[in-house]
Amino acid sequence: MSDQGFSFAEQQLGDIAAEILSYASSRGASACETDVSEGYGQSVSVRRGEVETIEYNRDKGIGVTVYLGQQRGYANSSDFSRDALRATVDAALSIARFTAPDPCAGLPEEKLLATVFPDLDLFHPWALPVEDAIELARRCEGAAFAVSPLIRNSEGASVSTQQSHFISANSLGFMGGFAGSRHYYSCSVIAGENDAMQRDDWYVSKRAAADLCDPEAVGDYAARRALSRLDARKIKTCEVPILFEAPLAAGLIGGFVHAVSGGALYRKSSFLEGSLGKPVFSKNVHISERPHLSKGMASSAFDDDGVATRDREVVENGVVRGYFLGTYSARKLGLQSTGNAGGAHNLIVRPGKRDLAGLVRHMGRGLLVTELLGHGTNYVTGDYSRGAAGYWVENGEVAYPVQEITIAGNLKDMFRNVVDIGNDVLARGSKQVGSILIGRMTVAGD
């Protein structure tokens, strides 16, 4: 085992990938691509101070895609023995022989493949003894209970540390990979009692454990969020501005990404089909993609096809300047890959000047939404309807918590009516965005 905690060194993963490519070629494949990966980690959760779960994970896998002309086959395995590698290639070839030719199938254009692999500082392993992980989780949950005697119960606090590395390679000569890490604290607690209980949670996730806040801060904030929801009430049906808190605003941006991604576009199942070069958002919306951010949660020098990633402007002054395309979807659309096979890489929504409190004051009267329920988005039409909870705002101040309501609109209208974006930027996953204020939506209540 290497000093980094992996069972296989990076060179060994590369050797496995090379062997797969060589064997596929010898068996008649016209092209081949493969991914070889390994990961390990530990997760601990406590509830009311008692250890609830301790989980260790260590896994590995290979994925093989072969081409016989324009016929494609895929197979995978978790066995790295030579016989298993060859059997996996043979299985992929067998599938390809029974697959109809697809004129868009095949490896990327060679000129698009990544050739430069900068160090993006993504790997920060955390050798955390399980006893220490338990203590961190207890500190996190204990801080929540210490906020108020009204914190009656807990759904638990968790500490997780995960490390992985991989190699991707194809028969055009591309080979690249890197190691990455993700660590987090989370806490979920319940305030109140009987029929007046409310729950809320919070979590933080970083590449490096040194960048995490103290676990007490997570527990404290989760508790205060739960307490602030006590005595929630319903409201009358109305049409008012809606302020989406930053964690939920990321979901709105995710809806946009889905609608302008290759799969939805070439299947003609997107309400934003044909939106390239057209205004979709209000003019104050700017979205950039920055794949090479140091320690970025979605940073990478290449996408799942091996295509080089690059900085670009996705939305400028509300106008869509780029889709999210992998090799296959780009060919289906008659366009060029944007290096987004597998998803977006660090989308940054330019913040405005107001923090969350400033947005609340600017809204004046309306609804601050902090929780969404259900999956009520129709990406064909853009219709949007979600169960929600949050806070009623009156005269620029939070008046009282609200529950058991539904918010509804159409994403086309919502995007065009983005009034402001907060500077309370939250970086979770592939998106970095502050709270988003929408000019008007329907709130269905009593």
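The values are calculated or read from the model by the stated rules, or taken from the named source; none is laboratory data. Keep in mind that what you see is a predicted model, and the values were worked out from it rather than measured. With ideal geometry, Cβ positions are generated from the backbone for all residues, glycine too; neighbour counts draw on all protein chains shown. For the accessible areas, the whole protein counts, side chains as well, though only heavy atoms, and no ligand, DNA or RNA atoms are used. Shrake-Rupley method; radii C 1.70, N 1.55, O 1.52, S 1.80 Å.
A few points about this structure:
- Assuming charge only on the beta carbon of Lys and Arg (+1) and of Asp and Glu (-1), the dipole of the range 94-142 about its Cα centre is about 240 debye to the nearest 20.
- Residue-wise HN-Hα couplings along the range 338-346, as the Karplus relation 6.51 cos²θ - 1.76 cosθ + 1.60 with θ = phi - 60° gives them from phi, are 9, x, 10, 4, x, x, 7, 10, 6 Hz; Gly and Pro carry x.
- On a per residue basis, the range 14-84 carries 49 Å² of accessible surface, using protein heavy atoms and a 1.4 Å probe.
- Shape category assigned to the chain from the gyration tensor of Cα positions, a/c cut at 1.5: oblate
- Karplus-based coupling profile of the range 274-281, in residue order and whole Hz: x, 8, 4, x, 10, x, 10, 9, with θ = phi - 60° in 6.51 cos²θ - 1.76 cosθ + 1.60 and x standing for Gly or Pro.
- Taking amide H as placed 1.01 Å from N in the peptide plane, the amide H of Glu155 sits under 5 Å from that of Ser188, Val189, Ile190, each at least 5 places away or on another chain.
- In terms of the mean number of neighbouring beta-carbon atoms within 10 Å, the peptides 41-49, 226-234 order highest first as 41-49, 226-234.
- Rg(Cα)/(2.2 N^0.38 Å) for the range 109-175, N = residue count: 1.98
- Each Lys and Arg Cβ is given +1 and each Asp and Glu Cβ -1; about its Cα centre, the range 314-446 then shows a dipole of about 660 debye.
- Test item: Cα-centred dipole of the chain, Lys/Arg +1 and Asp/Glu -1 on Cβ, debye: 1500
- Extreme residue, positive dipole direction of the range 322-446, given options Met414, Gln403, Ala444 (C-beta unit charges): Met414
- Spacing of the modelled spin labels on Leu356 and Glu193, each 7 Å from Cα toward Cβ, amounts to 2.9 nm.
- Taking every protein chain into account, the accessible area of the range 225-335 amounts to 39 square angstrom per residue (probe 1.4 Å).
- Intensity falloff of the range 1-98 expressed as log10 I(q)/I(0), Debye formula with alpha-carbon point scatterers, at q = 0.14, 0.16 Å⁻¹: -0.59, -0.69
- Additional length obtainable on full extension of the chain from Arg86 to Tyr74, 0.36 nm per residue less Cα span: 3.0 nm
- Of the Cα atoms belonging to the range 134-209, the radius of gyration and Dmax stand at 19.5, 64 Å.
- Cut-off under 5 Å, modelled amide H: who pairs with Leu426 long-range: Val433, Gly434
- Extension gain for Ala127 to Glu316 (0.36 nm times residue separation, less C-alpha to C-alpha distance): 63.7 nm.
- For the range 346-446, the fraction of alpha-carbon pairs lying more than 22 Å apart is 32 percent, rounded to a whole number.
- Only protein atoms count toward the accessible area here, which uses a 1.4 Å probe; on the chain, the carbon and sulfur part of that area reaches 48 percent.
- Once the 1.4 Å probe is applied to the protein heavy atoms, the range 96-195 comes out at 47 Å² accessible per residue.
- Rounded Å value of the spacing that divides the Cα centres of the range 344-369 and the range 156-225: 23
- For Arg440, residues with placed amide H under 5 Å, excluding near neighbours: Ile242
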